[in-house]
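I have placed the structure first, in the form of structure tokens, so that the comments after it can refer back to it.
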Amino acid sequence: MKLLETSGLTKRFGGLTVIDNLDFGIEEGEVKGLIGPNGAGKSTFFNLVTGVLLPSAGKIKYDNRDITRSKPHQVAKMGIGRTFQMNPLFGDFTVLENVKAAFHLRPHSSLFDIYFNSKVYRDNEKQIAESAEEILAFLGLINVRNELAKNLSHGYQKILGVARALATRPKLLMLDEPLGGLNPEEIDFFIKAISNLRDQGITILIVEHNMQVLDILNSVSVISFGQKIFEGTPGDMRQNSTVAETYFGGVI
Amino acid sequence: MENTLDKKKNLRKIIPYAIILLAFLIVPAFTGNIYWLGVFIFIMYQMIGSVSLRTIFLSGNISFAHGSFIAMGAYFAGILAKDLGFPPGVTLLAGALFACVISVITGFPFVRLRGLYYGMASLFMGVAIIYVIQALKVTGGSRGLLDIPSMFSSIYANYYFFVILTVVCLLAMYRFEFSRIGITLRALAQSPEVASSIGVSESFYKLLALGFGSFFAGLTGAAFALYSTVLSTTNYGLTFSIWLLMYMMIGGDSKFIGPVIGTVIFVLIPEIGRSFSAYAPYLTAAAMLVVAYLIPGGLAGIPDLIRRRKRKNKVENLSEGGQAI
């Protein structure tokens, strides 16, 4: 079953068509890559799905629901977690506070419970603290949990972005260039973490330049100038001449 | 072990509030002078205003309309008390709710604005509200609203009523800030994009902060109306809103106690300076410049500044020792 599906998705900025009639789908449980040269429309696609931008035409379906005109917080509520390419953080919060804040949706206490510090709320907060530590341990951030997020190295900040997205308990995790700016060790670690997440049953969409990511992908879509030019397995993609031409400028 | 440490930390947090509260409680024992009691009531009235402005500021928005919402609470309560003869308990609550509801309704169209643009919208809104109050007949127009029945006849009763009101309001707003609601608001202020990606509705939380802050603005306005018995729009213009902002920023906008300290000091300086009144404005200006240049975190940031300086010295000493070896 397709977890996420777009049909005829189009986005125009003035006269410029950034996403052109794009049909795209992710099967439940797979790790899918979205690849394309700079300016291909990858980030725009990301922002359309997560509700930051409204499409000019077309439909987005997630989990059998139409989310075409949903707002970002509604999309998050439905179970789509995301990271950002420029990776903004709650810089004045510690690492642990960042993740705890991200448990905004689950488990949920009513405003009344929160304000009057009821037992339900206190129990929820205890559970949140435990789950947050679990996520940090899983992603290897447990030793820096009390550092301010803005003081972390770039690599740790990227991983913190994933920790925050995981705290929303997503069914679909969307990573926007997660490997950008990481050192080789961090990349190895990240790729291991992603395959771990897939084993836990989370569907993952990765927008990425770095070809190391191909090893863990189940399937790949390649877009160029807002149009899909290839869809298939990473192995087939390497053989495909159109992809090679657009992406690598001819022969590899 | 950790528990006692927490307790010690909490105790240290309470001490400044306890000192300020104690000072306000014993002021009447030192001066029976009606003028000075009035000054201290004026401080408490503005303190609630400035702290509630900071509650709105938590969501990342600077509002220039806060003085106008205080005016709305004041006028609504004043009119209810004067023309309809409602008892003080009802008028106080009605003034607070009126300011709260109007702020949410008028804030709704601007809820998507951020930063400077929100500031501009609130500026227009604040000025517009004052014009409307001036134009209406029921508010007494530019002549002002006179002869509002007062709540207590004795200045002491008024004074202690304000002490209790301030304690209750500050506790309520403190709880708001240090619950998960406050954490969510601070997250929203740091990055609206990230906050919405974890499911925070930006509009809802911004309106929540606005409504909650304006409730206390209306409440303090209403209480002051019933105490002063006279209202004039000249007291509520843009300057008033800007002073509330200055109390907050000079006191330290990152700490709850910031606007509390800011209000006390910057209302008291010109009052104390009255005996050499020619220099009082210089005193205020000098104090402001000192804070702006030397203490960017505001007055409430001084302890942090000292602590950081100390730690730095320690590190330097250590490294010097290292070289000696």
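Numerical summary
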item: Residue among B:176, B:215 that is under 15 Å from the mean Cα position of the chain (by Cα) and at the interface with chain A (Cβ under 10 Å from one of its Cβ atoms); result: B:176
item: Flag for residue B:187 being small (Gly, Ala, Ser), more than 7 Å from chain A (Cβ to nearest Cβ) and either within 23 Å of residue A:132 (Cβ to Cβ) or crowded, with 20+ Cβ neighbours inside 10 Å (or both); result: no
item: Filtered residues of region B:140-177 (kept if in a loop (DSSP other than H, G, I, E, B) and either surrounded by 13 or more Cβ atoms within 10 Å (Cβ to Cβ) or in contact (Cβ under 8 Å) with a residue 40 or more places away in the chain (or both)); result: B:140, B:144, B:146, B:147, B:148, B:149, B:150, B:151, B:152
item: Pick from region A:158-169, criterion at the interface with chain B (Cβ under 10 Å from one of its Cβ atoms) and part of a helix (DSSP H, G or I), ranking: nearest to residue A:85 (Cα to Cα); result: A:161
item: Filter result for the condition that a residue is more than 30 Å from residue A:11 (Cα to Cα), of a type outside the set (D, E, K, R) and crowded, with 20+ Cβ neighbours inside 10 Å, over A:103, A:112, A:116; result: A:103
item: Residue A:79 being under 15 Å from the mean Cα position of the chain (by Cα), within 21 Å of residue A:166 (Cβ to Cβ) and among the small types (Gly, Ala, Ser); result: yes
item: Residue ranges of helices (runs of 4 or more DSSP H) in region A:95-149 with at least 2 members more than 12 Å from chain B (Cβ to nearest Cβ) and more than 18 Å from residue A:166 (Cβ to Cβ); result: A:119-138
item: Within region B:183-231, tally of residues that are farther than 17 Å from residue B:256 by Cα, of a type in the set (A, V, I, L, M, F, W, C) and either in a helix (DSSP H, G or I) or without any contact (Cβ under 8 Å) to a residue 40 or more places away in the chain (or both); result: 15
item: Flag if residue A:41 is touching a residue at least 12 places away in the same chain (Cβ under 8 Å) and either more than 14 Å from every other protein chain (Cβ to nearest Cβ) or over 18 Å from residue A:169 (Cα atoms) (or both); result: yes
item: Tally of residues being crowded, with 21+ Cβ neighbours inside 10 Å and at the interface with chain A (Cβ under 7 Å from one of its Cβ atoms) across region B:191-200; result: 6
item: Qualifying positions in region A:79-94 - aliphatic (A, V, I, L, M), more than 8 Å from chain B (Cβ to nearest Cβ) and part of a loop (DSSP other than H, G, I, E, B); result: A:86
item: Residue in region A:28-51 that is surrounded by fewer than 22 Cβ atoms within 10 Å (Cβ to Cβ), part of a strand (DSSP E or B) and more than 14 Å from the chain's Cα centre (by Cα) present; result: no
item: Scan of region A:6-19 for residues that are surrounded by fewer than 18 Cβ atoms within 10 Å (Cβ to Cβ) and part of a strand (DSSP E or B), ordered by number; result: A:7, A:8, A:10, A:12, A:13, A:16, A:17
item: Count of residues meeting criterion [surrounded by fewer than 18 Cβ atoms within 10 Å (Cβ to Cβ), within 14 Å of chain B (Cβ to nearest Cβ) and assigned to a loop (DSSP other than H, G, I, E, B)] in region A:54-77; result: 2
item: Residue A:161 small (Gly, Ala, Ser) and in the same structural domain as residue A:29 (by TED's automatic domain parsing); result: no
item: From A:196, A:183, A:117, residue being within 20 Å of residue B:184 (Cα to Cα) and modelled with pLDDT under 90; result: A:117
item: Matching entry among A:181, A:155 (being part of a loop (DSSP other than H, G, I, E, B), more than 12 Å from every other protein chain (Cβ to nearest Cβ) and under 23 Å from residue A:85 (Cα atoms)); result: A:181
item: So residue A:129, is it more than 28 Å from residue A:52 (Cα to Cα), touching a Lys or Arg at 6+ places or on another chain (Cβ under 7 Å) and touching a residue at least 12 places away in the same chain (Cβ under 8 Å); result: yes
item: Tabulated pairs, region A:192-217, first under 24 Å from residue A:1 (Cα atoms), second assigned to a helix (DSSP H, G or I) and small (Gly, Ala, Ser), C-beta under 7 angstrom, 6+ apart or interchain; result: A:216/A:195
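The values are calculated or read from the model by the stated rules, or taken from the named source; none is laboratory data. These figures come from a predicted structure and were not determined experimentally. Cβ atoms come from the backbone with ideal geometry, glycine included; neighbour counts cover every protein chain shown.
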